[in-house]
Amino acid sequence: MALAVGTSASEAARQTGISLSTVNRRLADPDFRRFVAQLRGQMLERALGRVTDSMSKAADTLAGQLDASEPAIRIRAARALLSLGLRLHDAVDIVERIRQVEEELARYRQSPS
């Protein structure tokens, strides 16, 4: 687990009570590296889930500032919402385009030449 969170090999060895050479030997094993990468991916998915859950609340808070009494706050909130909204749209669009390209590539690879 220590390696999955980005701990150095020497620190992981210290935390787990095994030798650095054992950690390095395990890291040289492709199956072990894949296992560490899978753990890291699972951890990132959980973190992303927590962030995603909070995004609606953050957007609501920001949107609430559009009704602030100070014009400068309203303007900053509007700019932030417009900027973030456009970036989110672009990101979703790119993900969809990549998905389409991957599907097309998979069909191409499956078709007889």
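I need the full set of residues from region 15-36 which are outside any helix (DSSP H, G or I), surrounded by 10 or more Cβ atoms within 10 Å (Cβ to Cβ) and of a type outside the set (A, V, I, L, M, F, W, C), in order please.
Just the residues of region 15-36 that are outside any helix (DSSP H, G or I), to begin with: 17-19, 28-29.
If we keep only those that are surrounded by 10 or more Cβ atoms within 10 Å (Cβ to Cβ) as well, we get 18-19, 29.
Residues satisfying the conditions are Ser19, Asp29.
Return yes or no: is Leu39 part of a helix (DSSP H, G or I), outside the structural domain of Leu3 (by TED's automatic domain parsing), at pLDDT below 95 and surrounded by 11 or more Cβ atoms within 10 Å (Cβ to Cβ)?
Values: part of a helix (DSSP H, G or I): yes; outside the structural domain of Leu3 (by TED's automatic domain parsing): no; at pLDDT below 95: yes; surrounded by 11 or more Cβ atoms within 10 Å (Cβ to Cβ): yes.
No.
Taking the stated definitions as given, is Ile73 assigned to a helix (DSSP H, G or I), over 30 Å from Leu3 (Cα atoms), in contact with a helix residue (DSSP H, G or I) (Cβ under 6 Å, 6 or more places away or on another chain) and of a type in the set (Val, Ile, Thr)?
yes
Being under 27 Å from the mean Cα position of the chain (by Cα) and aliphatic (A, V, I, L, M) is the filter here, so list the residues in region 19-34 that pass it.
Those that are under 27 Å from the mean Cα position of the chain (by Cα) and aliphatic (A, V, I, L, M): Val23, Leu27, Ala28.
How do the pairs read when you match residues in region 74-85 that are closer than 14 Å to Gly64 by Cα with residues anywhere that are outside any helix (DSSP H, G or I), using Cβ under 6 Å and keeping only pairs 6 or more apart or on different chains?
Arg74/Ala68
Tally up the residues in region 67-94 that are exposed (fewer than 10 other Cβ atoms within 10 Å of the Cβ) and aliphatic (A, V, I, L, M), please.
So in region 67-94, the residues exposed (fewer than 10 other Cβ atoms within 10 Å of the Cβ) come out as 67, 69-72.
Still in the list and also aliphatic (A, V, I, L, M): 72.
The number of residues fulfilling the criteria is 1.
Using beta carbons and a limit of 9 Å, which pairs, at least six apart or on different chains, have the first residue in region 21-36 and touching a residue at least 12 places away in the same chain (Cβ under 8 Å) and the second one surrounded by 12 or more Cβ atoms within 10 Å (Cβ to Cβ) and of a type in the set (S, T, N, Q)?
That search, which allows pairs on different chains as well, returns Val23/Thr16.
The values are calculated or read from the model by the stated rules, or taken from the named source; none is laboratory data. This is a predicted model, so every value here is computed, not measured. Positions of Cβ are backbone-derived with ideal geometry, glycine not excepted, and every protein chain shown enters the neighbour counts.
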